[in-house]
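*Asks:* I have a structure I would like to understand better, so I am pasting it below and will then ask my questions one at a time.
The values are calculated or read from the model by the stated rules, or taken from the named source; none is laboratory data. Being a predicted model, the structure only gives us computed values, none of them experimental. So basically every Cβ, Gly included, is an ideal-geometry build from the backbone, and we count neighbours across all protein chains shown. The protein model used for the area step is the full one, side chains on, heavy atoms only, and it has no ligands, DNA or RNA in it. Shrake-Rupley method; radii C 1.70, N 1.55, O 1.52, S 1.80 Å.
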Amino acid sequence: MNISTIESAPLLGQPRAATQSPSDPLRFSMGVALVVFATYFFTTSRLNENLQALGLFSLLGSIVFIDQIARTWWVWVIIALSLAAGIAMRPLDVPNHHILLTYIAIAIALCLSAPEDQRIPLLQHNARWLIVALMGIATLQRLFQPTFMSGDYISYEIVTGGFLYPLLKLLPETSSIIHENREIAESFRNSPPSETASVALVSPFPMLPLLAKAFVAVIIAIEAWICIAMWARPKWIVTHLSILAFAVSLAVIRQELTFISVVCMLGLLTCDPQWRKLRWTYGISAALFAAAVVKTVNLPEPLQ
């Protein structure tokens, strides 16, 4: 086997090794998926934080004893309908990962309604193309956004704490400037609309425009690379290492923990059953990032 390529799964119809159980990989994948979805539901509810945590861990604890619910297609239909109802009620005010989770829930429901020997291959196929669509659309969207391509959006996010804040907060003086900028920006946003009003924000360090443009190039390159790699070489180890590196770097730069857990979950769903180490890496990463959403660091939310 080529060291840069992950061995493909047995074809449908071929006998499996006696030591492999067809349901075990599916059980693990659906359990992780349910963790990610449950976390999103509880952390976006209007419950008290302690009640959110109690309800979430009660549900996750039940998976150990009733894991069959995660492999039942109609459970995922209910999840998909719940997410779709949220979109219908707030079509202009739902985060991107809410829409992505809706598509994933629909895909999982369709796969679980298929015959048992086709479920894992269908999950792999659907997850692969969801990643391609996700990264492809993200790349095209950025390419056609003048404020992003110019670096203005990244610059604004940096000076108001929406980008690089997990690193910049370690510098007291820089962190203070960011908090001041954020207060000014929030005050400006809450002021009456005006065609002539403007606001000046302070750069926390020199050469900010150059740094912002460098990040623009890197972000587009990484997202385009993952799209192309997953499209052309879904079984290449470099493709999956790129996804994991993207998740880790995003956690350091922006800490969009829910989105990161969703990306790791999709990576898991693309894996063949025998890719045990990679599956565990994806699964543990998705669960840890999802758990971090419940009790996360008090970081400022990026302004819209």
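*Asks:* Within the group Arg233, Arg182, which residue is surrounded by 14 or more Cβ atoms within 10 Å (Cβ to Cβ), basic (Lys, Arg) and touching a Gly at 6+ places or on another chain (Cβ under 7 Å)?
*Replies:* On the way: Arg233 fails: touching a Gly at 6+ places or on another chain (Cβ under 7 Å).
Exactly one of Arg233, Arg182 is surrounded by 14 or more Cβ atoms within 10 Å (Cβ to Cβ), basic (Lys, Arg) and touching a Gly at 6+ places or on another chain (Cβ under 7 Å), namely Arg182.
*Asks:* Let me ask something else about it. Which of the helices (runs of 4 or more DSSP H) found entirely inside segment 102-177 contain at least 1 residues meeting this: modelled with pLDDT under 90, among the small types (Gly, Ala, Ser) and in contact with a helix residue (DSSP H, G or I) (Cβ under 9 Å, 6 or more places away or on another chain)?
*Replies:* Passing ranges, in order: 152-159.
*Asks:* Oh, and also: Under 8 Å between Cβ atoms, which residue pairs at least 6 apart in sequence (or on different chains) link something in segment 105-123 that is free of Cβ contacts under 8 Å to residues at least 12 places away in the same chain with a partner that is open to solvent by 20 Å² or more (accessible area, probe 1.4 Å)?
*Replies:* Hits for this filter: Ala114/Leu122.
*Asks:* May I pose another question? For residues that are polar (S, T, N, Q) and buried (at least 19 other Cβ atoms within 10 Å of the Cβ), scanning just segment 128-155, find the one that is farthest from Val263 (Cα to Cα).
*Replies:* Checking each candidate, the answer is Ser155.
*Asks:* Oh, and also: Write out, first by first residue and then by second, each pair whose Cβ atoms fall under 7 Å of each other, whose residues are 6+ apart or on separate chains, and whose first residue, in segment 283-301, is closer than 20 Å to Gly161 by Cβ and of a type in the set (A, V, I, L, M) while the second is at pLDDT 80 or above and assigned to a helix (DSSP H, G or I).
*Replies:* Pairs found: Ala292/Leu257; Val293/Thr39; Val293/Leu257; Val293/Thr258.
*Asks:* Among the residues of segment 156-178, what is the count of those that are exposed (fewer than 13 other Cβ atoms within 10 Å of the Cβ) and in contact (Cβ under 8 Å) with a residue 40 or more places away in the chain?
*Replies:* 1
*Asks:* Another question about this same structure. Restricting the search to segment 104-127, which residues are surrounded by fewer than 19 Cβ atoms within 10 Å (Cβ to Cβ) and within 15 Å of Gly267 (Cα to Cα)?
*Replies:* Pro121, Leu122, His125
*Asks:* Considering only segment 243-277, state which residues are farther than 17 Å from Phe289 by Cβ and small (Gly, Ala, Ser).
*Replies:* none
*Asks:* Applying the selection to segment 189-228, what residues are outside any loop (DSSP other than H, G, I, E, B), open to solvent by less than 70 Å² (accessible area, probe 1.4 Å) and over 14 Å from Thr139 (Cα atoms)?
*Replies:* Leu208, Leu211, Ala212, Ala214
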